[in-house]
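Encoded as C-alpha cells, the structure appears first; notes follow it.
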Amino acid sequence: MPRAAALFRGTESFVTVGDWLRFAVSLFNREGLEFAQGTPHAGDEALALVKWALHLDEDVQPFLAARLAAAEIAEVKAALARRAVDRTPLAYITGQAWLGGQSFAVNEHTLIPRSYFVELIQGEPDLGAWLGKREPKRILELCTGSGCLALLLAHRYPRARVSATDLSNAALDVAEHNILLHRLADRVELRQGDLFGAIGDERFDLIVANPPYEPSELCDHLSPELQHEPRLALDGGADGMELVRRIVREARAHLTPQGVLAIELGGLRDAVTAEFPAVPFEWPVLADGTTAVCVIRAKDLPQ
Ligand SMILES: C[S@@+](CC[C@H](N)C(=O)[O-])C[C@H]1O[C@@H](n2cnc3c(N)ncnc32)[C@H](O)[C@@H]1O
C-alpha cells in the first residue's frame, strides 16, 4: 500500500472539521515531524494546515462540527500527506510565514522566516540601544531571502531607506513580491550580488545580516523538513564562518562613522571571538537565553 494511503487507514468514518483536525494532530505527533520552522507544536501546524486546505477563517471554532464534502476531505488528505510523507514544511505548503506579527510570502527558494532579529527590531533591548537617539537614515540588510528583516526594519524605522541584498535571484523574486505586499516599494530596494559586492562603495548607518552560518557537515545531516530549505541559505562553509568572517572584515568600509553592524550567527560566538580577538563584540541575551546575535560599532571593526 503506498505510504500516503496507509496514513489514512481507519479514517473512513471521519466526516467533520473536528475529526480531521484531531487526526492531523495525532498524525503529526505519531510520525515524529519536526517543528522548528516557525510553528512550535503539532497542534498549531495541524490547525493552520486544515484551515488552509479548507479555506476557513481565522476562527475555526464555529465549524468544528461541520461535515465535509468528499472533495474537501481529499484536499485535507493531500495537504496532510505533503506534510507527513514528503515532510514539506507548513510554510512551503501554504506559501506564507509569519514573523513579528507580519505575514510574508515564501517558497522553497527562501529560508522560512524565524530570525532572532525580530527581538532586536521589535523588542527590548532593540538595536536603538546601540544607535542611540539617532534614527538610522540608511539601512543595509545583507542576505535578505524573503525580505522579511528588511521589511520589519522599514516598518520599525519609518523614515529610513532600506537596501536589501541576496546572491539568489529566485529569493529576490520573493522579496520583491513581499515589498509590494507591504506597500514599501518607495523605501525598500533590492540588489543582487555577493555580500557587499552588491552595493559598491555606499555607506549605511545600520547593517543587519542573517547569513548562512551552519557548518557544511551539519547541513549534510539535516532533518527532512530543513532539507527542503535552500542549502545556500544554511551552509556557512566548513566551519560555518565563511560569510560571517567576510562580513566582519568588510563591514567597516560600508558604515558611517557612528554606524552599527549586527550579525546573527547561531552558536558561533566562541569561533568569531577567537578569530577577531581585538573586536569588542557585544552579545544581547535573547529571550531563549542564547547569544546568537552580535553587535559591533563601526569604530571597533577591523580597518
Ligand atoms: C539564513 S538566510 C536569511 C534570510 C532572511 N534574511 C531571514 O532572516 O529569514 C541567508 C540568505 O543568504 C543568502 N546568501 C547566501 N550566500 C550569500 C552571499 N554570498 N551573498 C549574499 N547573499 C547570500 C541566501 O540566498 C539566503 O537567502
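Hey, could you check the stretch 27-77 for residues that are among the small types (Gly, Ala, Ser) and closer than 15 Å to Leu90 by Cβ and say which is nearest to the chain's Cα centre (by Cα)? First the steps, then the outcome.
First, the residues of the stretch 27-77 that are among the small types (Gly, Ala, Ser): 32, 36, 38, 42-43, 46, 48, 53, 65-66, 69-71, 74.
Going one step further and asking which of them are closer than 15 Å to Leu90 by Cβ, we end up with 36, 38, 42-43, 46, 48, 53.
On the way: Ala36: 11, Gly38: 8, Ala42: 19, Gly43: 21, Ala46: 20, Ala48: 18, Ala53: 23 Å.
Result: Gly38.
Looking at the stretch 269-279, is at least one residue within 26 Å of Asn169 (Cβ to Cβ) and among the charged types (D, E, K, R)? Working first, answer last.
Step one: list which residues in the stretch 269-279 are within 26 Å of Asn169 (Cβ to Cβ), which gives none.
Checking the stretch 269-279: not a single residue is within 26 Å of Asn169 (Cβ to Cβ) and among the charged types (D, E, K, R).
Within the stretch 287-301, does at least one residue satisfy the condition of being hydroxyl-bearing (Ser, Thr, Tyr) and under 18 Å from the mean Cα position of the chain (by Cα)? Even if it seems obvious, please write down each step before you answer.
As a first pass, look at the stretch 287-301 and keep what is hydroxyl-bearing (Ser, Thr, Tyr): 290-291.
The next check asks that each one be under 18 Å from the mean Cα position of the chain (by Cα); those that pass are 290-291.
Yes, because at least one residue in the stretch 287-301 is hydroxyl-bearing (Ser, Thr, Tyr) and under 18 Å from the mean Cα position of the chain (by Cα).
Checking Asp220 against (1) within 27 Å of Val285 (Cα to Cα); (2) of a type in the set (Asp, Glu); (3) surrounded by fewer than 20 Cβ atoms within 10 Å (Cβ to Cβ), only one condition comes out false. Which one?
Condition (1) is where Asp220 drops out.
Given (1) within 12 Å of the ligand (Cβ to nearest atom); (2) touching a Pro at 6+ places or on another chain (Cβ under 9 Å), identify the lone condition not met by Ala129.
Result: Ala129 fails condition (1) only.
Can you tell me which residues in the stretch 117-148 are among the acidic types (Asp, Glu), touching a residue at least 40 places away in the same chain (Cβ under 8 Å) and either surrounded by fewer than 24 Cβ atoms within 10 Å (Cβ to Cβ) or not assigned by TED's automatic domain parsing to the domain that holds Asn178 (or both)?
If we filter the stretch 117-148 for residues that are among the acidic types (Asp, Glu), which is where we start, we get 119, 124, 126, 135, 141.
Remaining after also requiring touching a residue at least 40 places away in the same chain (Cβ under 8 Å): 119, 141.
Glu119, the sole residue that qualifies.
Kindly provide the set of residues from the stretch 162-205 that are assigned to a strand (DSSP E or B) and charged (D, E, K, R), ordered by number.
Applying the first criterion (assigned to a strand (DSSP E or B)) to the stretch 162-205 yields 162-166, 188-192, 204-205.
Listed by number, the residues that qualify are Asp166, Glu189, Arg191, Asp205.
Looking only at the stretch 243-285, filter to residues that are part of a helix (DSSP H, G or I) and without any contact (Cβ under 8 Å) to a residue 24 or more places away in the chain; which one of those is farthest from Ile121 (Cα to Cα)?
Initially, the stretch 243-285 is screened for residues part of a helix (DSSP H, G or I), giving 243-254, 269-275.
Filter once more, keeping what is without any contact (Cβ under 8 Å) to a residue 24 or more places away in the chain: 270, 273-274.
Numbers: Asp270: 24, Thr273: 24, Ala274: 27 Å.
That would be Ala274.
Got a number for residues in the stretch 11-35 being exposed (fewer than 14 other Cβ atoms within 10 Å of the Cβ) and touching an Asp or Glu at 6+ places or on another chain (Cβ under 7 Å)?
1
Any residue in the stretch 213-235 that's touching a residue at least 40 places away in the same chain (Cβ under 8 Å): show its pairings with residues that are β-branched (Val, Ile, Thr) and within 15 Å of the ligand (Cβ to nearest atom) at Cβ separation under 8 Å, as long as the two are six or more apart or on different chains.
Final answer for the pair search is Tyr213/Val244; Glu229/Ile112; Pro230/Thr110; Ala233/Thr110.
Residue-by-condition table, conditions (1) among the small types (Gly, Ala, Ser); (2) under 25 Å from Leu33 (Cα atoms); (3) more than 16 Å from the ligand (Cβ to nearest atom):
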position: Gly95; (1), (2), (3): yes, yes, no
position: Asn107; (1), (2), (3): no, yes, no
position: Ile112; (1), (2), (3): no, yes, no
position: Lys133; (1), (2), (3): no, no, yes
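In this structure, does Leu90 turn out to be buried (at least 18 other Cβ atoms within 10 Å of the Cβ), free of Cβ contacts under 8 Å to residues at least 60 places away in the same chain, within 16 Å of the ligand (Cβ to nearest atom) and more than 21 Å from Ala287 (Cα to Cα)? Reasoning before the result, please.
Numbers: buried (at least 18 other Cβ atoms within 10 Å of the Cβ): yes; free of Cβ contacts under 8 Å to residues at least 60 places away in the same chain: yes; within 16 Å of the ligand (Cβ to nearest atom): yes; more than 21 Å from Ala287 (Cα to Cα): yes.
In short, yes.
Tell me which residues, restricted to the stretch 158-178, are crowded, with 16+ Cβ neighbours inside 10 Å, farther than 17 Å from His254 by Cβ and touching a Lys or Arg at 6+ places or on another chain (Cβ under 9 Å).
The answer is Leu172, and nothing else.
Go through the stretch 37-71 and give me each residue that's out of contact with any helix residue (DSSP H, G or I) (no Cβ under 7 Å at 6 or more places or on another chain), in a loop (DSSP other than H, G, I, E, B) and either touching a residue at least 24 places away in the same chain (Cβ under 8 Å) or not acidic (Asp, Glu) (or both). Give the steps one after another, and end with the answer.
Step one: list which residues in the stretch 37-71 are out of contact with any helix residue (DSSP H, G or I) (no Cβ under 7 Å at 6 or more places or on another chain), which gives 40-41, 44, 51, 55, 57-59, 61-62, 67, 69-71.
Okay, now just the ones that are also in a loop (DSSP other than H, G, I, E, B), so 40-41, 55, 57-59, 69.
Hits for the stretch 37-71 are Pro40, His41, His55, Ala69.
Take the residues in the stretch 179-216 that are of a type in the set (Val, Ile, Thr) and within 20 Å of the chain's Cα centre (by Cα), then tell me which one is surrounded by the fewest Cβ atoms within 10 Å (Cβ to Cβ).
Of the stretch 179-216, the ones of a type in the set (Val, Ile, Thr) are 179, 188, 199, 207-208.
Cutting the leftovers down to within 20 Å of the chain's Cα centre (by Cα) gives us 179, 188, 207-208.
On the way: Ile179: 22, Val188: 25, Ile207: 27, Val208: 30.
Residue satisfying both the conditions and the ranking: Ile179.
Take the conditions in contact with a strand residue (DSSP E or B) (Cβ under 8 Å, 6 or more places away or on another chain) and of a type in the set (Gly, Ala, Ser) and apply them to Ser223. Does it pass? Give the steps one after another, and end with the answer.
Details: in contact with a strand residue (DSSP E or B) (Cβ under 8 Å, 6 or more places away or on another chain): no; of a type in the set (Gly, Ala, Ser): yes.
Spelling it out, it is not the case that Ser223 is in contact with a strand residue (DSSP E or B) (Cβ under 8 Å, 6 or more places away or on another chain) and of a type in the set (Gly, Ala, Ser).
Of the residues Ala170, Ala160, which is within 14 Å of the ligand (Cβ to nearest atom) and touching a residue at least 24 places away in the same chain (Cβ under 8 Å)?
Details: Ala160 fails: within 14 Å of the ligand (Cβ to nearest atom).
Just a single option satisfies the conditions, and that option is Ala170.
The values are calculated or read from the model by the stated rules, or taken from the named source; none is laboratory data. What you are looking at is a predicted structure, and each value in this text was computed from that prediction instead of being measured. Cβ coordinates were reconstructed from backbone atoms using ideal geometry, including for glycine residues, and neighbour counts include every protein chain displayed.
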